[in-house]
Amino acid sequence: MPDYTLEHAHGGLVAGVDEVGRGPLAGPVVAAAVMFSSGMPDVLAERLDDSKKLKPATRQQLYDILLQTPDILIGVGAASVTEIERHNILRASWIAMQRAVARLPRRPELVLVDGNAAPRFGCPAQCVVGGDAISLSISAASVVAKVVRDRLMTRLSRRWPTYGWERNAGYGTAIHRAALEVDGVSPHHRLAFGTVRRIVQASVPRFSPPSAEQPSC
């Protein structure tokens, strides 16, 4: 379980940052920054974990607590599909992280980033590999980012229902891939991703030239 060791070691305002949505075939990448200005509430310390390990109902409960607790500061940022295609998914993830930190109500003294590399935030940053299972601030950020992105994909699915985004959040499930083969891409698909490109290309019938026996025009 994650704990508050890294935050306590610094002693100042520490923000945890995490992103969600690097792997899906569609939708933006979303990042969140979370900072506990008055320490970690016990109710969260006992229940927070890597968002991928939590059931959806538990994630939602923790998200509500995070948003409703006054001393918890939250910033959310995203990078669009256009930005993903322009910069690549890693750079777009960094852009989303930078926007999340910039939207915190107070400037952190240190940013803890899940992963082995980080963008510039205008303040010191520390990379923590597997951070969402180590740092409570990062795990809180992973919960916020996951809930925000899932909700966004659910809203998008109302206009583009065949892809099943309300269930798969844009990941390449069998339903999503089948819809790509039949319906093609939407404006929210990541065309730069080879998986999307291969599925769409494979679904287009190849042109067959007329045989030698057939008269030509």
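The values are calculated or read from the model by the stated rules, or taken from the named source; none is laboratory data. Predicted, not measured: the structure shown is a model, and the values here were computed from it. Cβ sites come from the backbone with ideal geometry, for glycine too, and all protein chains shown count toward neighbours. SASA here: full protein model, heavy atoms, side chains in, ligands and nucleic acids out. Shrake-Rupley method; radii C 1.70, N 1.55, O 1.52, S 1.80 Å.
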Problem - HN-Hα J in Hz across segment 147-162 - Karplus 6.51, -1.76, 1.60, θ = phi - 60°, x for Gly and Pro - result: 5, 4, 5, 4, 5, 4, 5, 5, 5, 5, 5, 5, 8, 10, x, 5
Exercise for the section: For the chain, calculate the relative contact order in percent as a whole number, restricting contacts to Cα pairs under 8 Å that are 6 or more residues apart. Expected result: 27 percent
Handout entry: Structure-derived Rg and Dmax of the Cα atoms in Å - corresponding label in (i) 21.5, 69; (ii) 22.1, 66; (iii) 20.9, 83
Key = (iii)
Practice task
Have a look at VAL185, LEU25, ILE95 and report the one farthest towards the positive end of the charge dipole of the chain, computed about the Cα centre with Cβ charges (Lys/Arg +1, Asp/Glu -1).
Solution key: VAL185
Handout entry: Whole-percent carbon and sulfur share, accessible surface of the chain, 1.4 Å
Key = 53 percent
Problem - Helix-only CD estimate at 222 nm, as mean residue ellipticity for the chain, using -39500 (n - 2.57) per DSSP H run (n ≥ 4) - result: -12500 deg cm²/dmol
Fill in the blank from the handout: For the chain, the longest principal axis of the Cα atoms and the Cα long axis of helix 56-68 enclose an angle in degrees, to the nearest 10, of 50 degrees
Completion exercise
Longest principal axis of the chain (C-alpha) makes with the long axis of helix 174-183 (C-alpha) an angle, in degrees to the nearest 10, of 40 degrees
Handout entry: For GLY115, residues with placed amide H under 5 Å, excluding near neighbours
Key = VAL128, VAL129, GLY130, GLY131
Exercise for the section: Report the longest stretch of the chain that contains none of the trypsin sites (Lys or Arg not before Pro) sitting in a DSSP loop with at most 13 other Cβ atoms within 10 Å. Expected result: 121-205
